[in-house]
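Chemist: Take a look at the following structure, please.
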Amino acid sequence: MRVRITTDSPADLPESLCKTYGFKTVPLHVILGDDCFEDGINVSTDDIYNYYSQNKVLPKTSAVSISEYTSFFEKLTKNGEAVVHFSLSSGISSSYQNAVIAAQSFENVYVIDSKSLSTGMALIMLKAFGMSVNGMQAQEIAQESEKLVSKIKTSFIISNLEFLHKGGRCSGVATFGANILGIKPSIVADEEGKLVVDKKYRGKFDNCISQYIRDLIAENKSKTDTDFAVIVSTDGVSDEQILAAKKQILKEIPFKEIIVAKAGCTITSHCGKGTFSFMFLEK
């Protein structure tokens with residue numbers, strides 16, 4: 001039975017990655033006032049920023065419903081496919097719980113709590129795809145993927161705390177003091193997949209990004225899986241900053257591929273502009 005690897009839209013997968021590996025995504029919802037949109041389908045990050053600029057109110061996001069997951073899984077299993085679905089961290093969304101309930105209606109659908117967000121989720125999806133190519137069946141792929149969840153190094157550095165603070169998704173974020181002192185904190189996903197403040201950087205954002213990368217490499221270089229890494233950012237991070245970061249990373253760790261991605265609407269709604277992330281797997 002063919003195994004299909006799927007995920008939630010906040011995985012922020014580049015279109016090229018989906019085409020190459022056949023990944024499928026199911027959209028979360030973005031709510032702007034009285035209007036509800038599907039992440040990655042009929043709403044853009046520009047819509048997010050424009051809405052906030054005009055209303056000074058953050059967009060809301062909502063999880064994929066049980067019925068939507070059921071419909072999504074049904075279309076794939078009707079084609080004779082088994083499904084291994086990687087869900088947005090249960091620590092920040094109820095999507096995982098809804099996907100698990102929906103999967104109970106099918107014999108060959110397995111749901112993994114990534115305990116991660118954005119394109120960091122792709123790191124274990126790529127491993128799962130490799131397992132399927134090598135002939136592993138869906139249940140075994142799911143079991144092996146569960147072991148990889150704790151190996152994702154999920155973190156990001158943010159230059160503007162306004163969205164993150166107002167959204168209440170991260171404990172320990174205090175915008176007033178941080179803005180006065182020019183602090184750019186790094187945020188990490190803890191063992192439960194919840195977001196917490198880690199280190200605090202000061203100075204120009206270029207320098208903060210560089211120090212954030214140095215710290216991650218210093219702490220993890222000897223135990224890093226060098227197959228894939230991810231750089232993902234929101235608007236406000238320039239192409240030049242991304243290129244400089246990529247060069248810095250490759251100078252220290254010879255990753256076979258660094259995936260560069262833009263954060264979609266769900267992640268943007270919670271983090272805002274000026275967010276940069278470097279993610280990878282431990283061996």
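The values are calculated or read from the model by the stated rules, or taken from the named source; none is laboratory data. This is a predicted model, so every value here is computed, not measured. Here Cβ is always computed from backbone atoms with ideal geometry, including for glycine, and neighbour counts include all displayed protein chains.
Chemist: Report, by residue number, each residue of the stretch 238-283 that is under 21 Å from residue 210 (Cβ atoms) and in a strand (DSSP E or B).
Modeler: 258, 259, 260, 261, 262, 275, 276, 277, 278, 279, 280
Chemist: Identify, from the list 110, 69, the residue that is crowded, with 19+ Cβ neighbours inside 10 Å and without any contact (Cβ under 8 Å) to a residue 40 or more places away in the chain.
Modeler: Within the list 110, 69, the selection yields 110.
Chemist: A further question on this structure: For residue 185, all conditions in the list (1) modelled with pLDDT under 90; (2) in contact with a helix residue (DSSP H, G or I) (Cβ under 8 Å, 6 or more places away or on another chain); (3) closer than 22 Å to residue 112 by Cβ hold save one; what is the number of the exception?
Modeler: If we test residue 185 against (1) modelled with pLDDT under 90; (2) in contact with a helix residue (DSSP H, G or I) (Cβ under 8 Å, 6 or more places away or on another chain); (3) closer than 22 Å to residue 112 by Cβ, just (3) comes out false.
So that you can scan it fast, the table gives a plain yes or no per residue for (1) in a helix (DSSP H, G or I); (2) out of contact with any Asp or Glu (no Cβ under 7 Å at 6 or more places or on another chain); (3) assigned by TED's automatic domain parsing to the domain that holds residue 201:
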site	(1), (2), (3)
107	no, yes, no
112	no, no, no
125	yes, yes, no
130	yes, yes, no
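Chemist: Still on this structure: Looking at the stretch 73-103 only, could you name the residues that are in a helix (DSSP H, G or I), surrounded by fewer than 21 Cβ atoms within 10 Å (Cβ to Cβ) and in contact (Cβ under 8 Å) with a residue 40 or more places away in the chain?
Modeler: 76
Chemist: Something else about it: Output the number of the condition that residue 226 fails; it satisfies all remaining conditions of (1) modelled with pLDDT of 95 or more; (2) assigned to a helix (DSSP H, G or I).
Modeler: (2)
Chemist: Among the acidic types (Asp, Glu) and either at pLDDT below 95 or crowded, with 20+ Cβ neighbours inside 10 Å (or both): does that describe residue 191?
Modeler: So residue 191 passes the test.
Chemist: Can you tell me how many residues within the stretch 217-251 are hydroxyl-bearing (Ser, Thr, Tyr) and closer than 19 Å to residue 17 by Cα?
Modeler: 3
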